[in-house]
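The block underneath contains the structure these notes are about, expressed in structure tokens.
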Amino acid sequence: MIAARIMLVDDEVPFVETMSKRLKKRNLDVVAAFSGQEALEQLQQHPQRDVVILDVKMPGMDGIKTLQEIKQAFPLIEVIMLTGHATVESAIEGMRLGAYDYLMKPCDIDQLVAKVAEAKAKKARQEEKILEARMREISLRRGV
């Protein structure tokens, strides 16, 4: 199975650098972005990410707005929200807008890796359903 292709988005550079190293040691394909806008630009150039790990509190475009933009442009990419400033309201809002899950910083690395694996599996199931539907459509057109 291919390692999950993830994007880590957080404005705290030391956090991103440390977490990227820890995730890469667990055989994940990690790219980093340091703002919501940078994340969207990178996804436009490299849309094959499976999961985005996204900080909620960032200057400029915050995590909730970034989540909305990602889900609009890349609906199959799963998003895990991370925050050190969790509130029930932002958790509910993130989940309502399509986040896969919501974790507190600092989060346990094994818990995060498990959530990434679950999110990647969900994305793979969705892609498989879409492929099956397209194959049925092609078969019907050809009268098979």
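Identify all residues within region 62-93 that are under 19 Å from VAL13 (Cα atoms) and modelled with pLDDT of 95 or more; write none if there are none. Even if it seems obvious, please write down each step before you answer.
Our first condition is that a residue be under 19 Å from VAL13 (Cα atoms); within region 62-93, this holds for 62-63, 66, 80-85.
Listed by number, the residues that qualify are THR66, ILE80.
Scan (1) at pLDDT 95 or above; (2) in contact with a helix residue (DSSP H, G or I) (Cβ under 9 Å, 6 or more places away or on another chain) for the single condition GLN42 breaks and write down its number.
Among (1) at pLDDT 95 or above; (2) in contact with a helix residue (DSSP H, G or I) (Cβ under 9 Å, 6 or more places away or on another chain), GLN42 violates only (2).
Test GLY98 against the criterion of being assigned to a loop (DSSP other than H, G, I, E, B) and either surrounded by fewer than 13 Cβ atoms within 10 Å (Cβ to Cβ) or among the hydroxyl-bearing types (Ser, Thr, Tyr) (or both), and give yes or no. Let's see the steps before the verdict.
Details: assigned to a loop (DSSP other than H, G, I, E, B): yes; either surrounded by fewer than 13 Cβ atoms within 10 Å (Cβ to Cβ) or among the hydroxyl-bearing types (Ser, Thr, Tyr) (or both): no.
No, not satisfied.
Find all pairs meeting these conditions: Cβ atoms under 9 angstrom apart; at least six residues apart or on different chains; first residue within region 29-57 and in contact (Cβ under 8 Å) with a residue 60 or more places away in the chain; second residue among the basic types (Lys, Arg) and in a strand (DSSP E or B).
Filtered contacts from region 29-57: ASP50/ARG5; VAL51/ARG5.
From the list LEU67, LEU140, which one is surrounded by 19 or more Cβ atoms within 10 Å (Cβ to Cβ) and in a helix (DSSP H, G or I)?
Within the list LEU67, LEU140, the selection yields LEU67.
Please determine whether any residue of region 93-107 is of a type in the set (Ser, Thr, Tyr) and more than 22 Å from GLN48 (Cβ to Cβ). Give the steps one after another, and end with the answer.
First, pick out the residues of region 93-107 that are of a type in the set (Ser, Thr, Tyr): 100, 102.
Narrowing further to those that are more than 22 Å from GLN48 (Cβ to Cβ): 102.
For region 93-107, residues of a type in the set (Ser, Thr, Tyr) and more than 22 Å from GLN48 (Cβ to Cβ): present.
Looking at (1) under 20 Å from ARG5 (Cα atoms); (2) in a helix (DSSP H, G or I); (3) among the β-branched types (Val, Ile, Thr), can you tell me which one VAL79 breaks?
Among (1) under 20 Å from ARG5 (Cα atoms); (2) in a helix (DSSP H, G or I); (3) among the β-branched types (Val, Ile, Thr), the lone unmet condition for VAL79 is (2).
Quick one: in region 22-33, of everything that is among the charged types (D, E, K, R) and closer than 23 Å to GLN45 by Cα, which residue is surrounded by the fewest Cβ atoms within 10 Å (Cβ to Cβ)?
Taking the candidates together, the pick is LYS24.
With respect to LEU40, is the statement that it is closer than 17 Å to ALA119 by Cα and surrounded by 15 or more Cβ atoms within 10 Å (Cβ to Cβ) true?
Numbers: closer than 17 Å to ALA119 by Cα: no; surrounded by 15 or more Cβ atoms within 10 Å (Cβ to Cβ): yes.
No.
Looking at this structure, is GLU78 without any contact (Cβ under 8 Å) to a residue 40 or more places away in the chain and on the phi < 0 side of the Ramachandran plot? Reasoning before the result, please.
Numbers: without any contact (Cβ under 8 Å) to a residue 40 or more places away in the chain: no; on the phi < 0 side of the Ramachandran plot: yes.
Against the criterion (without any contact (Cβ under 8 Å) to a residue 40 or more places away in the chain and on the phi < 0 side of the Ramachandran plot), GLU78 does not qualify.
Could you list all residues from region 17-63 that are assigned to a loop (DSSP other than H, G, I, E, B) and not charged (D, E, K, R)? Before you say what the answer is, go through the steps one by one.
Step one: list which residues in region 17-63 are assigned to a loop (DSSP other than H, G, I, E, B), which gives 25-28, 34-35, 46-50, 56-62.
Result: ASN27, LEU28, PHE34, SER35, HIS46, PRO47, GLN48, VAL56, MET58, PRO59, GLY60, MET61.
The values are calculated or read from the model by the stated rules, or taken from the named source; none is laboratory data. In this text the structure is predicted, and so the values were computed from the model without any measurement. FYI the Cβ positions are ideal-geometry reconstructions off the backbone, even for glycines, and counts take in every protein chain you see.
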